[in-house]
1. Of all residues being out of contact with any strand residue (DSSP E or B) (no Cβ under 7 Å at 6 or more places or on another chain) and either under 18 Å from F61 (Cα atoms) or touching a residue at least 60 places away in the same chain (Cβ under 8 Å) (or both) in the range 22-42, which is surrounded by the most Cβ atoms within 10 Å (Cβ to Cβ)? Just the residue, please.
2. What residue, among those in the range 175-227 that are farther than 21 Å from I42 by Cβ, assigned to a helix (DSSP H, G or I) and among the aliphatic types (A, V, I, L, M), is farthest from the ligand (Cβ to nearest atom)?
3. Condition (residue is assigned to a helix (DSSP H, G or I) and either within 25 Å of S202 (Cα to Cα) or not acidic (D, E) (or both)) applied to the range 113-131: is it met by at least one residue?
4. Of the numbered conditions (1) in contact (Cβ under 8 Å) with a residue 40 or more places away in the chain; (2) farther than 23 Å from F205 by Cβ; (3) of a type in the set (F, W, Y), F45 fails exactly one; give the number of that condition.
5. Output the residues belonging to the range 14-29 that are in contact with a helix residue (DSSP H, G or I) (Cβ under 6 Å, 6 or more places away or on another chain) and within 28 Å of L68 (Cα to Cα).
6. Taking the range 155-174, which residues are more than 16 Å from the ligand (Cβ to nearest atom) and either modelled with pLDDT under 95 or within 16 Å of the chain's Cα centre (by Cα) (or both)?
7. Within the range 26-40, work out how many residues are within 14 Å of the ligand (Cβ to nearest atom) and on the phi < 0 side of the Ramachandran plot.
Amino acid sequence: MNVCERLEEILERIEKACKRASRGSKCAKLLGASKTVSPEVIGEFYNCGLRVYGENRVQEFLKKLEALKDLNIEWHFIGRLQRNKVKYLMNKVVLIHSLDRKNLADEIQKRALKNNIIQEVLIEVNVGGEETKGGVRPENLKELFEYTLKLPNVKVIGLMTIPPYFDNPEEVRPYFEKLRKLRDELQEEYKVSLPHLSMGMSNDFEVAIEEGATIVRIGTLLFGERK
Ligand SMILES: *Cc1c(COP(=O)(O)O)cnc(C)c1O
């Protein structure tokens, strides 16, 4: 299969999952999780129509941004974020998926204010409570969310998660369901709109869409195994 066919097949699977969930055929946006993928390969997928990419490391992102500056790519940041790197993302990424602590929120506020922008973010939730993963614990989510409400240049538009890995995607379903319920609770309690759920990767994106994902982050299935 060539690059464009691979992309088309994934888009079709997304569309089918959206229909199964009765959510309308374009219910979830495909984000290419492009860590370790070269600018040349990103360019090939771009030419097939994929415009949205998410990077995990700031240095790697900045290199690719420079190499691909002539393309109209919608960049997202999906990796763990150190405070001292926030400044490099301003005006370069439309969405930061990995807000998980107050001091990071403070830094985004500071840098966004300096740039006179409102930075959209997702709060990353560690739904599996795994030690090795980033994300705020579910029990601390409300406190962090409430904190962000006081930051005028930081706008939370939803939640993101990286659930525990299972070969069988059905075993991941409860974690996706949990993220959706946490989102629903925040909307209810704070009377806000949190339209986005960033969840689902190569192995489980269809289940994630059935549980309400609006952004699926796919790496391996698009670009092949990472070296
Ligand atoms: C690498 C990565 C993905 C994509 O994972 P695949 O299993 O390769 O599809 C999604 N989200 C994040 C945050 C990642 O780091």
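The values are calculated or read from the model by the stated rules, or taken from the named source; none is laboratory data. Computed from a prediction, not measured in an experiment: that's the story for all the values here. Note that each Cβ is placed from the backbone with ideal geometry, even for glycine, and that neighbours are counted across all protein chains shown.
1. The initial filter retains those residues of the range 22-42 that are out of contact with any strand residue (DSSP E or B) (no Cβ under 7 Å at 6 or more places or on another chain), namely 22-27, 36-41.
Narrowing further to those that are either under 18 Å from F61 (Cα atoms) or touching a residue at least 60 places away in the same chain (Cβ under 8 Å) (or both): 23, 27, 36-41.
On the way: R23: 16, C27: 17, T36: 15, V37: 21, S38: 12, P39: 16, E40: 9, V41: 16.
Here the residue is V37.
2. Taking the range 175-227 as the starting set, the residues that turn out to be farther than 21 Å from I42 by Cβ are 175-197, 199, 203-204, 206-214.
Filter again for assigned to a helix (DSSP H, G or I), leaving 175-190, 206-210.
After this cut, where a residue has to be among the aliphatic types (A, V, I, L, M) as well, the list is 179, 182, 186, 207-209.
Working: L179: 14, L182: 18, L186: 21, V207: 13, A208: 11, I209: 14 Å.
Selected residue: L186.
3. Keep residues of the range 113-131 that are assigned to a helix (DSSP H, G or I), which gives 113-114.
Retained after the next criterion (residues that are either within 25 Å of S202 (Cα to Cα) or not acidic (D, E) (or both)): 113-114.
Yes, some residue in the range 113-131 is assigned to a helix (DSSP H, G or I) and either within 25 Å of S202 (Cα to Cα) or not acidic (D, E) (or both).
4. Failed condition: (2).
5. C27, A28
6. Going through the range 155-174, the residues more than 16 Å from the ligand (Cβ to nearest atom) turn out to be 155-157, 170, 173-174.
Result: K155, V156, I157.
7. The first filter runs over the range 26-40 and keeps only residues within 14 Å of the ligand (Cβ to nearest atom), leaving 28-37.
Imposing the further condition that a residue be on the phi < 0 side of the Ramachandran plot reduces the set to 28-35, 37.
Looking only at that region, the number is 9.
To keep it simple, each residue is scored yes or no on (1) closer than 20 Å to L81 by Cα; (2) without any contact (Cβ under 8 Å) to a residue 12 or more places away in the chain; (3) not β-branched (V, I, T).
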| site | (1), (2), (3) |
| --- | --- |
| V127 | yes, no, no |
| E130 | yes, no, yes |
| V136 | yes, no, no |
| E139 | no, yes, yes |
| F145 | yes, no, yes |
| V156 | yes, no, no |
| T161 | yes, no, no |
| D167 | no, no, yes |
| Y175 | no, no, yes |
